[in-house]
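The structure appears below as structure tokens.
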Ligand SMILES: NC(=O)c1ccc[n+]([C@@H]2O[C@H](COP(=O)([O-])OP(=O)(O)OC[C@H]3O[C@@H](n4cnc5c(N)ncnc54)[C@H](OP(=O)(O)O)[C@@H]3O)[C@@H](O)[C@H]2O)c1
């Protein structure tokens, strides 16, 4: 089988040369053998394969390690007494390889609730949790999504709309993506990264102020968004794209200066979003499946074919060439 390995930790943004496709034996031993069908290429890899220091949500990778990421595949073999059987569809975190030997406790058996296996890789549960838990949106409110054309943001706008938001605005680095966000993905208006970093820019698209922010970007956009919040405004802190994908640095820290006096005066809440519980995930999958079947939501994504295309897929994702999630069909 083939898998993708890190050749050397990247200095700055990783490039396809930082990775290699290697032939290795199909793994044997304790665990469930899964034939991967499709895996997710996610921006957090930039930090995990970089040369920075400090804590990260997943372990950093070293030269020679296979890459990883959410994957969906089919069980080939399972130990006696296991809760999954050959032929079952499962998800796990050992993507970037054709076969994975996965400890049973790290597998989730999929129920076929979503029409396309790739849809299980959609990062929508993050956006759904943000808009229902960390920064719940109420009917008629105005929602701002920063990084609106990414995997999370392109679902967040649609979810906000389905949950009853009155106005949904998003930020992107590309005018073309902005047009698509409005035409196809539930946004009322899109604004550039530069406009999104100023009070005037935000006032133009949200003249009555902002009630809820789903922040994928951090930095100057977060500071401006907080400035534009209405009384009792809520901010879900999801990501830090502005530092995570900056060419300099390691992407592993994202400092920003906020005016605490303003936060108190407006009674603002800021909450981090991470790792949803099983109940939130089940609720999301049920609603996502229903919305997909009713054609009320789209899963914006770009598919690359063949495991060997994965390093290029990561490069193009980090370069901002795509709208929505990036997945690789193994
Ligand atoms: N907390 C959680 O549980 C959780 C879960 C999933 C993801 N995340 C985080 O949430 C964030 C969004 O994830 P995602 O999967 O939606 O990302 P993504 O799809 O990989 O986003 C890629 C997009 O980021 C934008 N971008 C690139 N450089 C940027 C910069 N310097 N400043 C602002 N935007 C930039 C580009 O879009 P434009 O061309 O439109 O600017 C690019 O297409 C990431 O930080 C990710 O790590 C967190």
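Here, each number is a calculation from the coordinates, and none is a lab measurement. It should be emphasised that the depicted structure is a prediction, and the values quoted were computed from it without experimental measurement.
For the reader, a short list of remarks on this structure follows.
- Antiparallel bridge percentage (DSSP; both residues within the range 124-272; nearest 5): 0 percent
- A straight line joining the Cα centroids of the range 8-23 and the range 122-166 runs 33 Å.
- Beta bridges assigned by DSSP with both partners in the range 1-150 are antiparallel in approximately 90 percent of cases.
- Look at the alpha carbon pairs under 8 Å that are at least 6 residues apart: their mean separation over the length of the chain gives a relative contact order of 20 percent.
- Taking every alpha-carbon pair within the range 124-272, the share separated by more than 23 Å comes to 25 percent.
- When Rg and the Kirkwood radius Rh are both evaluated on Cα atoms of the range 189-330, their ratio Rg/Rh stands at 1.01.
- Anisotropy class assigned to the range 1-151 is oblate, per the alpha carbon gyration tensor with a/c at or over the 1.5 cut-off and a/b no larger than b/c.
- Computed lengthening from residue 175 to residue 200, 0.36 nm per intervening residue step minus Cα-Cα distance: 7.2 nm
- Per residue convex hull volume, Cα atoms of the chain, in Å³: 128 Å³
- Ellipticity estimate at 222 nm from DSSP helix runs (n ≥ 4, -39,500 (n - 2.57)) divided over the chain, nearest 500: -7000 deg cm²/dmol
- Under the Debye formula (equal points on every Cα, no solvent term), log10 I(q)/I(0) of the range 238-294 at q = 0.19, 0.23 Å⁻¹: -0.88, -0.92
- Part-to-part distance (alpha-carbon centres) for the range 303-330 and the range 208-225, which is given in Å: 28 Å
- Cα-derived Rg over Rh, computed across the range 1-53 with Rh taken as Kirkwood radius: 1.03
- Rounded to 5, the percent of DSSP beta bridges in the chain classed as antiparallel: 50 percent
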